[in-house]
Structure formats: structure tokens, C-alpha cells
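Heads up: the structure comes next, in C-alpha cells.
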Amino acid sequence: MLVLGIETSCDETGIALYDTGRGLLAHALHSQVALHADYGGVVPELASRDHIRRVLPLTREVLLESGVTLADLDAVAYTAGPGLAGALLVGAGVGTSLAYALDIPAIGIHHLEGHLLSPLLADPAPQFPFVALLVSGGHTQLMRVGGVGDYTLLGETLDDAAGEAFDKSAKLLGLGYPGGPAIAALAESGHTGRYPLPRPMLHSDNLDFSFSGLKTAVLTAARNLPPDTQARADLAAELQTAIVDVLVGKSIAAIEQTGLTRLVVAGGVGANRRLRVQLSAAAQGRGCSVFYPPFEFCTDNGAMIAFAGALRLQQDKQENTRGSGSGFTVRPRWDLASLATA
Ligand code: KG4
Ligand code: ZN
């Protein structure tokens, strides 16, 4: 079964072809980072317009690379939410139209489900059930994943996401967008301890997070920072360590609470090397294995959408729109736990 995946929820156009027999055939990505750089964040209207420009050329590219044609497709999966409404509409419009023309199913995928299942693209892939730490730009959640569609929310952020804390703090430090990689790079030459920052809710007796206070603490520290690069590097190192400490502490607490032995990390912040090192070290001592998506699939991409679409199609749990011409919908706000099957 051959599935075309289309991701356009934010600032990356991702297209991929996944075959249930042969695996991932090809994927292509266009990042809009340069387009939004001058604005210090994503400008929704610019994002939508750029997705329109990229989606068909990238689709042609993956078809060519895989040596298949549109006629070979069995389904089209697109990100239906959550995300920027206009950006989502581009992928949904193109995906649904293609499927309608080809008389094959169009499958609307939850973006976070794509992230959540993306570690299954790696080798070795984790077995269900596992605990998932979902750390993207807009979400920080711990989920219990029993299988495809079987998601139980264990805890989540009460305010900002970890990625948001990276991005907003980077802005305060005069670094570029996206902030996570910029903070991580600057932190390489920094030392912790010089500008102490809180570890919010690290010892709370639940699995929730809060990162907005951290951003405020960075703002206060940044105001009093001497004008040298070392000071900014030291603050970046402290911030990265504070965020990682909380993510690791809560993930281990989730492992202990659920009694599971597999932890899966997904979403853009999962690309953070310090997080990977610290999580692996903490998990190892507890007989727990940690799984990540292939590095390139940590951040937004079409492969995870094609893959999630293929799994959904195999399970046939999603209502598909097969050539009905009944239109489509996107959900800019969409709770992942609401996908759970009874
Ligand atoms: O999953 P993602 O690509 O997009 C969303 O669905 O939101 O995540 C983007 C987030 C941004 O906040 C970005 O700063 C963060 O992931 N990020 C990182 C790193 N790479 C990306 N954060 C920390 N360290 C990184 N290396
Ligand atoms: Zn994402």
C-alpha cells in the first residue's frame, strides 16, 4: 500500500511516499526558516503562500525519486491539524483534491500523532505500549501509547511549551528563529551555575509542566547581562539545562508511574542533544529503553504523516473520504487525547 504524505501545518512543507511493504521511498522538505527570519517568528499568511508554491514541485520530486506515478498511489494523507489554519488548508486542499481525482482515500492526520508514531520509522522500532514525551514548538505532553489511536494523556504543560521557552528566550537573547537550535549552539560554549534559573514544577506530584516562569526569569537575567558573548552563552547553557532537567525528571516519573519500560521522544525539541544524552543516562539506570525518530524526522516532515496515514489505513479506524467530493475540514486546535479509541 503506497501512501503520499503532505505536511503543511506550520513553516515546513514536507512531502513523502511511504510503502507498507518497502518502507519510506522518498521524502522532501522545504523549510521556511529564511522566509520568516526577519520577523522573529512565523508569519501565517507568508507561510500559507509559500506552502502553495512548494507543495506540487515537492510532490513531483518524491514521485520522480521513487520511480512511481500518481496512478500507483493507494491513499493521500495530509495534516488536518493542529496548526495554522491557512497553512493546513493548503495541504488539506491539495491532498483531498488529489485523492478525489485519483478516487483513493484522503486521510486527515493529527500532526502530533505523526510525531508520536515517527519513532516507529527507526530501526529498532519500539513495541507498544510506551510512554511518549511529545515536545514540539507548541506542545509538551507525556502520553501513554497503547497502540495506534490508543493515547492517554499523562501530563502536559499548563502554559508555554518547552519549544516555546527555547524560542521566546532565544528572541530575548537576540538569537535567531527557531530558537531551540540557536540556544543549543550557543550553550555549547557556556557554563551552568552563573545565572541560576528555576526548574519549574520539577518536584510537583503530577506529570504537568510549566515553562512560562522560566521565560520570565530569562528576561530578568538578560536585562542585567554584561555585554559579552560568554555571559549569553552561560545563560543559554543554564536555560537548556533547566528545560532538559524538567523534561528528564518528568519523563522518568512517567516511566515509574506507568511501570512501562519504553520511552519514546518525539517533536522538534527531541533533536536536542543534551536532552538525548541526559534522558538516555537517566533511563538506562532504570532498565528503560529510549527511542527517537531518525534525526531528520524529529522536526516537521512529510514522512511521519505518510507513515501515520499508512498505519491508520491499515487499521481502518479513520473515516476516509473516498472520491465523495464532500469537501474537507482542518482543525487548527485539536486535542490528541480526543483520538483515543474506546
Ligand atoms: O515539532 P516541530 O518541528 O514543530 C512543531 O510541530 O511545533 O518543533 C519545533 C520546535 C521549535 O520550538 C524549535 O525551537 C525546537 O522544536 N527545536 C529544538 C531543537 N531543534 C528544534 N529545541 C531544542 N534543541 C534543538 N536542537
Ligand atoms: Zn511538529
| query | Looking at (1) in contact with a Gly (Cβ under 9 Å, 6 or more places away or on another chain); (2) charged (D, E, K, R); (3) within 16 Å of ligand 1 (Cβ to nearest atom), which is the one condition that is false for Arg199? | reply | (3)
| query | Which strands (runs of 3 or more DSSP E) does the stretch 14-114 wholly contain that include 2 or more residues that are open to solvent by 20 Å² or more (accessible area, probe 1.4 Å) and more than 16 Å from Leu2 (Cα to Cα)? | reply | 23-31
| request: Taking the options Arg274, Arg286, name whichever one is at pLDDT 95 or above and among the basic types (Lys, Arg). | output: Arg274
| query | Here are Ala87, Ala125, Ala92: which of them is touching a residue at least 60 places away in the same chain (Cβ under 8 Å) and within 16 Å of ligand 1 (Cβ to nearest atom)? | reply | Ala87
| task | Mind listing just one residue for me: the one in the stretch 267-303 that is under 26 Å from Ala16 (Cα atoms), hydrophobic (A, V, I, L, M, F, W, C) and surrounded by fewer than 21 Cβ atoms within 10 Å (Cβ to Cβ) and, of those, farthest from ligand 2 (Cβ to nearest atom)? | result | Phe291
| task | Can you tell me which residue among Thr59, Thr79 is β-branched (Val, Ile, Thr) and either closer than 30 Å to Leu207 by Cα or modelled with pLDDT under 95 (or both)? | result | Thr79
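Residue-wise test of (1) assigned to a helix (DSSP H, G or I); (2) within 24 Å of Phe295 (Cβ to Cβ); (3) in contact with a helix residue (DSSP H, G or I) (Cβ under 8 Å, 6 or more places away or on another chain).
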site	(1), (2), (3)
Arg232	yes, no, yes
Leu239	yes, yes, yes
Val244	yes, yes, yes
Val248	yes, yes, yes
Ala254	yes, yes, no
Gln257	yes, no, no
Val264	no, yes, yes
Gly270	yes, yes, yes
| If you take the residues in the stretch 159-186 that are within 14 Å of ligand 2 (Cβ to nearest atom) and charged (D, E, K, R), which one is farthest from Ala236 (Cα to Cα)? | Glu164
| request: Exactly one condition in (1) touching a helix residue (DSSP H, G or I) at 6+ places or on another chain (Cβ under 7 Å); (2) within 16 Å of ligand 1 (Cβ to nearest atom) is not met by Leu311; state its number. | output: (2)
| request: Could you grab me the full set of residues in the stretch 129-171 that are in a strand (DSSP E or B), under 12 Å from the mean Cα position of the chain (by Cα) and closer than 17 Å to Pro82 by Cα? | output: Leu134, Val135, Thr140, Gln141
| message | So Ala281 ticks every box in (1) in the same structural domain as Leu172 (by TED's automatic domain parsing); (2) under 16 Å from the mean Cα position of the chain (by Cα) but one. Which box is left unticked? | response | (2)
| Members of the stretch 177-191 that are modelled with pLDDT of 95 or more and within 16 Å of ligand 1 (Cβ to nearest atom) | Gly180, Pro181, Ala182, Ile183, Ala184, Ala185, Leu186, Ala187, Glu188, Ser189, Gly190
| query | On the given criteria, is Phe209 hydrophobic (A, V, I, L, M, F, W, C) and either open to solvent by less than 40 Å² (accessible area, probe 1.4 Å) or at pLDDT below 95 (or both)? | reply | yes
| For the stretch 272-296, how many residues are part of a loop (DSSP other than H, G, I, E, B) and in contact (Cβ under 8 Å) with a residue 40 or more places away in the chain? | 4
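The values are calculated or read from the model by the stated rules, or taken from the named source; none is laboratory data. Quantities reported herein were computed from a predicted structural model and do not represent experimental measurements. Please note: Cβ atoms are built from the backbone with ideal geometry, for glycine as well, and neighbour counts cover all protein chains shown. Side chains included, ligands, DNA and RNA excluded: accessible areas come from the protein's heavy atoms. Shrake-Rupley method; radii C 1.70, N 1.55, O 1.52, S 1.80 Å.
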